[in-house]
Amino acid sequence: MSQSDPTDSALAAIASILDQPQSPPDKPPVEEPPAVPQPVEAHGYSKVGPGPMAAIRFKWAAREDNGHYYVDETVGENSTPIVSGPMDRETAIQFVDDREREARQLFEDLKQEMAGRTAAANLMRKDGGEI
């Protein structure tokens, strides 16, 4: 009997978690506001990164202080923020959007890599090869 690599087992477990559809929380339907373009309020503007566990999820939140904007970046719910700034309103919003987009892309890349490793490991097992 062959011994499998613990890393492959961990990656397979993570991939199976990531492949499960996340059910949306029970929320009442939200009415869409009229289609009137309004500027985004930077103070309080935030986005949360992807991931299956809140303890390792990134969050970016813009805040205003004396006319300057800062972005607090945290991992999990109780971490000390890394602060970026000062910057203007538009730059703060763009910073939050860019960081969230980068995190989402990295997460998707990681999911694809894990799925590829899992598929390769499964193929090796089916072919009778050792891992």
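Side notes on the structure shown:
- Averaged per residue, the range 44-128 has 65 square angstrom of accessible surface, using a 1.4 angstrom probe with ligands and nucleic acids left out.
- Count Lys and Arg as plus one, Asp and Glu as minus one, and take only other residues whose Cβ is under 14 Å from that of F95; the net charge is then -3.
- Annotation: D97 carries an accessible surface of approximately 30 Å², with a 1.4 Å probe and no ligand, DNA or RNA atoms counted.
- Residue-by-residue Karplus 3J(HN,Hα) for the range 63-76, coefficients 6.51, -1.76, 1.60, Hz, glycine and proline x: 9, 9, 8, 6, x, 10, 10, 10, 10, 9, 10, 10, 10, x
The values are calculated or read from the model by the stated rules, or taken from the named source; none is laboratory data. Here the structure is a predicted model, which is why all the values come from computation and not from measurement. Note that each Cβ is placed from the backbone with ideal geometry, even for glycine, and that neighbours are counted across all protein chains shown. For the accessible areas, the whole protein counts, side chains as well, though only heavy atoms, and no ligand, DNA or RNA atoms are used. Shrake-Rupley method; radii C 1.70, N 1.55, O 1.52, S 1.80 Å.
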